[in-house]
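The structure appears right after this line, and notes come after that.
Readers should treat all values here as calculations from the given coordinates under stated rules, not as data from a laboratory. These figures come from a predicted structure and were not determined experimentally. Please note: Cβ atoms are built from the backbone with ideal geometry, for glycine as well, and neighbour counts cover all protein chains shown.
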Amino acid sequence: MPAAAGQLRDRLEFYKKVDTAADALGNVQRVWELQFTTQARVVQRIGGETVLQARLSGQNLASITVRRNSQTQHINSDWKAVDPRANDEWNIRSAVPDERQRFMELLAERGVAT
């Protein structure tokens with residue numbers, strides 16, 4: 001948990017999936033839509049391994065911390081975070097406020113389907 005705003009050194013874009021207008025056949029597609037950009041702290045975790053369909057699959061996890069506000073409090077597991085400088089995409093797996101309700105702690109995973 002950052003002790004000061006100065007530790008939020010990364011700038012991330014946050015996207016969520018939204019439905020597009022239906023085509024002539026009534027098909028609706030879901031597309032990623034930018035919601036906002038904010039300062040964040042990304043701390044990569046030691047990758048773990050899980051057994052998935054009888055094979056091992058590596059995980060690339062990170063803890064992302066953002067200041068809690070009217071935008072960030074809506075982040076959930078349907079969202080993704082993008083670091084445009086590093087060309088990294090993180091799928092949000094969970095989002096919870098800290099005990100003082102000042103920051104949001106996000107568990108994110110890179111390299112997996114959303």
Practice task
Taking the Cα centre of the stretch 5-110 as origin, sum charge times position over the Cβ atoms of Lys and Arg (+1) and Asp and Glu (-1), and report the length of that vector in debye to the nearest 20.
Solution key: 320 debye
Handout entry: the stretch 5-110, Cα convex hull volume normalised per residue, Å³
Key = 141 Å³
Handout entry: Sequence-distant residues sharing a close amide H with Arg45 (under 5 Å, placed H)
Key = Leu61, Ala62, Ser63
Handout entry: In Hz, Karplus ³J(HN,Hα) per residue of the stretch 88-96 (6.51, -1.76, 1.60; θ = phi - 60°; x = Gly, Pro)
Key = 9, 10, 10, 7, 6, 9, 7, 9, 9
